[in-house]
Amino acid sequence: MEDSSSIATANPDGFSSTGKTGSLQVGTRNYNSNGNYIFNGTVHQQTGDFNPAPNPYTVNDIIFDNLAGVTLTNPITVVSTMELLNGDLSYNILPQGVDGYYSPDVQKVSIDKNGTLMYNFMAESLPFQNNNAFVNRKWILKGNFNGTKKITFNWNEDEDNYFNWNVHNFPKVYSSNSDEPLVTIWNPAQPRKISFIALSFLNAKDDVFYYIGRGMDDTLPVTLSSFIATQTSSSTVKLSWTTQSETNVMGFNILRSNQSNLDTATSLGYFTPATNTSQIRTYQCTDQVFATGIYYYWLEVVDFNGTNSFYGPAIADIQNIGNQTPSIPVKEGFHSIAPNPIDYEARIFYGIPSKSPTLIQVYNLKGQKVRTILNETKDSGNFHLLWDAKDDQGSQLANGNYILRMDASGKVWTKKITILH
């Protein structure tokens, strides 16, 4: 066999390297460890005692497409993808290592290959009924790996009783040993498919499983139908979001982090004004990244009445673009103030071009300082802070116009703000 070549067998004994057994019964059989092997019989099959070369008990892809089932004889290493398309897969010994796994119809799960092997891997999906579950299915994943894996679960309409998934009633992945949902990747265009990034399988140590519950978000002042992060080139991520309608929305900010916690996110520094239309509206912006890894993005919806709501995270898994440190372009000075006019609180977005002492103060129109909001040394970057529209004594400032001033990196920036209670 040549590299990347494929061979299929319907023989119950599968493949064998020695003796007059298996689908090929000849004197010399040389199976290629870089080849692809398919089991597509109509009666139960064994993978057989075959030992490919040059890497012992290693194959590129292996596909099981047998309604009668297949038993894995030896602990084979699959350096690409193991596929279970039909029937059951049983084990004499669990696989030594598997990179990718694809079984959307049988086990309702797919795991993207990324060069990280999962050892002693096994996937199982069973019917499941529970008051907290919105899908009649649970997933059990076993094995261990050193890295990350993107896991995707899928299900059918009859398994969620034809539930109307949308951005205000969306699916979330839960583990049976926690009340907190996982950080997931979900697109309303494919409502019965959901993904998450795993650092380990919970069931590797504990007898737990995954199931689908429901997340709810009724706080957004928009009817949002999608928020997606897509890698469009070696180092560019496109952020796109679509609103079905908008009411009283000032605009949108994008925040990014390499962690799944919103508190660690930093604004990209670009404010996108809203159109406040009842028609479908799609917005886009791009982000430049300079290192492989997983990036988490949040969409901040800034309302005119002072409400700031967050949607996300959308997740981008960036592969093979080098090992430089990621950075966000710095937009110097004040980016935006939301809301402005201010009622009782405003979020101020600003950028510092270089590390320096940073002073942000508020002055009235007589030139008198009424509040010091920030006085500390900041690194270069984009930042935001909250101001409660009060003076240094903690008293609410009167309605009127004020000047916001920032001194940093040897420069001065000012912006007019209005307080209107």
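The values are calculated or read from the model by the stated rules, or taken from the named source; none is laboratory data. Values in this document were obtained by computation on a predicted structure and should not be read as measured data. Note that each Cβ is placed from the backbone with ideal geometry, even for glycine, and that neighbours are counted across all protein chains shown.
Exactly one residue out of Thr116, Thr81 is touching an Asp or Glu at 6+ places or on another chain (Cβ under 8 Å) and farther than 20 Å from Asn40 by Cβ: that is Thr116.
Taken over the range 175-201, the criterion of being in contact with an Asp or Glu (Cβ under 8 Å, 6 or more places away or on another chain) and under 19 Å from Tyr296 (Cβ atoms) is satisfied by Ile197 alone.
Taking the numbered list (1) more than 23 Å from Leu84 (Cβ to Cβ); (2) in a strand (DSSP E or B); (3) at pLDDT below 90 in turn, Ser195 passes all entries but (1). For the residues Thr292, Thr282, the requirement of being assigned to a strand (DSSP E or B), surrounded by fewer than 20 Cβ atoms within 10 Å (Cβ to Cβ), touching a Ser or Thr at 6+ places or on another chain (Cβ under 8 Å) and β-branched (Val, Ile, Thr) singles out Thr282. Across the range 238-279, the qualifying residues are those that are over 26 Å from the mean Cα position of the chain (by Cα) and over 21 Å from Pro339 (Cβ atoms), and the one among them that is surrounded by the fewest Cβ atoms within 10 Å (Cβ to Cβ) is Gln279. Residues that are of a type in the set (D, E, K, R) and assigned to a strand (DSSP E or B) within the range 124-172 comprise Glu124, Lys138, Lys142, Lys149, Lys150, Lys172, listed in sequence order.
Among residues of the range 380-398 that are farther than 26 Å from Leu262 by Cα, those with a beta-carbon under 6 Å from a residue that is of a type in the set (Val, Ile, Thr) at least six positions away or on a different chain give the pairs Asp391/Val370; Leu397/Ile419. Of all the numbered requirements in (1) over 23 Å from Tyr91 (Cα atoms); (2) surrounded by 17 or more Cβ atoms within 10 Å (Cβ to Cβ), Asn177 misses one, and that requirement is (2). The conditions of being acidic (Asp, Glu), exposed (fewer than 12 other Cβ atoms within 10 Å of the Cβ), farther than 16 Å from Val412 by Cα and out of contact with any helix residue (DSSP H, G or I) (no Cβ under 8 Å at 6 or more places or on another chain) are not met by Asp391. Residues in the range 115-139 that are farther than 25 Å from Asn74 by Cβ, surrounded by fewer than 17 Cβ atoms within 10 Å (Cβ to Cβ) and either touching a residue at least 60 places away in the same chain (Cβ under 8 Å) or polar (S, T, N, Q) (or both): Gln129, Asn130, Asn131, Asn132.
When Ser245 is tested against (1) part of a strand (DSSP E or B); (2) among the small types (Gly, Ala, Ser); (3) at pLDDT 85 or above, exactly one condition is not met: (3).
It is to be established whether one or more residues within the range 352-373 are within 22 Å of Gly251 (Cβ to Cβ), part of a loop (DSSP other than H, G, I, E, B) and not small (Gly, Ala, Ser). No, every residue in the range 352-373 fails to be within 22 Å of Gly251 (Cβ to Cβ), part of a loop (DSSP other than H, G, I, E, B) and not small (Gly, Ala, Ser).
Listed here are the residues, each with its yes/no results for (1) at pLDDT below 85; (2) acidic (Asp, Glu).
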position: Trp241; (1), (2): no, no
position: Asp287; (1), (2): no, yes
position: Thr292; (1), (2): yes, no
position: Ser309; (1), (2): yes, no
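Filtered by the rule that a residue be at positive phi and in contact with a helix residue (DSSP H, G or I) (Cβ under 9 Å, 6 or more places away or on another chain), the range 91-130 gives Lys108, Asn120. Yes or no: Asp407 modelled with pLDDT of 90 or more and assigned to a loop (DSSP other than H, G, I, E, B)? When the stated conditions are applied, Asp407 does not pass them. What number of residues in the range 1-23 are of a type in the set (Gly, Ala, Ser) and modelled with pLDDT under 80? So the answer is 6. Selection of the range 151-204 for residues being free of Cβ contacts under 8 Å to residues at least 24 places away in the same chain, under 26 Å from Tyr295 (Cβ atoms) and aromatic (Phe, Trp, Tyr) yields only Trp186.
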